[in-house]
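Input: a single structure, listed below in structure tokens.
Here, each number is a calculation from the coordinates, and none is a lab measurement. Note that the structure is a prediction, hence the values are computed from the model and not measured. Here the Cβ positions follow ideal geometry from the backbone for every residue, glycine too, while neighbour counts run over all protein chains shown.
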């Protein structure tokens, strides 16, 4: 390592130590492929300063997203929020648990199934620096007493999902999580799913999602996916923005060894939704006008190629989003899940949803 590289590595180590000692509650850090950590956003449990504009963490009920300090309120997170169990997996909002998607059944100890299996745990994460508190979602092979049970739809895996509807058109969504190591066949993710309000595109009415943090199970280089995805179930051609990004070299730890902040700023404006598969700017991602459309962040820094994307709420006065965390074996092009790699753990310290205040900072 040359002298410059040593200085950069030393600086990154100091930043990592400071974050670890603060238990992850300080300001987020870092983010691009540059050698030195770039300027970061500032935010805490109350407010965020983004582009000189003040945002308030006042959307979720007080304390419900602050697991690291306030614990895990199962009664609030488990309440009924829409479609009953068995509702369509891509539209309409459902309960936090009790749904079957891909080859995984998402449930909890109170879902009415025998055995009372529980993929959720609140406590200390002994594998992370400082052993901070958090909510852990576990994915594991289907328990023997549930194998073949019609209630789980013949799924081979059991896991959990946390979700909450958010009535917010524009804002800053961010969560501090630690993902499992890259494993074939799984895709741990923090994402937003639209209920309605997405404008009609060239292919007709569209559904949409923001993948804020998604790890592809077959990407052993710790690559991540981030961005908007639009699709139309009645057309063969999807529309999308976003794409993968390489894990920045200036990060002191990988995505699975420590906690990191993953966020998206959803703002008015942005580039128009494209009629093609990739969107203007080429396949995979696009850099647009900063502060418009959607901008994705890693540890408080805008990701190159993920700035000023499409405005999925353009022309719509109201939009409800579902903020979701999940880890479940999927298989397919992500690879084949192997029982020897499980259980797999996804840890969450907090989720914050900031809405614009109209003030400056």
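Extending 7 Å from Cα along the Cβ direction at residue 149 and again at residue 76 yields two label points whose distance is 2.9 nm. Peptide packing for 144-157, 176-189, 249-262 was compared via the average number of neighbouring C-beta atoms within 10 Å per residue; ordered from the highest value, the list is 176-189, 249-262, 144-157.
Ranked from highest to lowest mean number of other Cβ atoms within 10 Å per residue, what is the order of the peptides 116-124, 41-49? Spell out each step's value before the answer.
Numbers: 116-124: 16.1, 41-49: 17.7.
Output ranking for 116-124, 41-49: 41-49, 116-124.
Put simply, when 132-142, 350-360 are sorted by average Cβ atoms within 10 angstrom per residue, most first, you get 132-142, 350-360. With R₀ set to 45 Å, the beta-carbon distance separating residue 341 from residue 167 gives a calculated FRET efficiency near 0.75.
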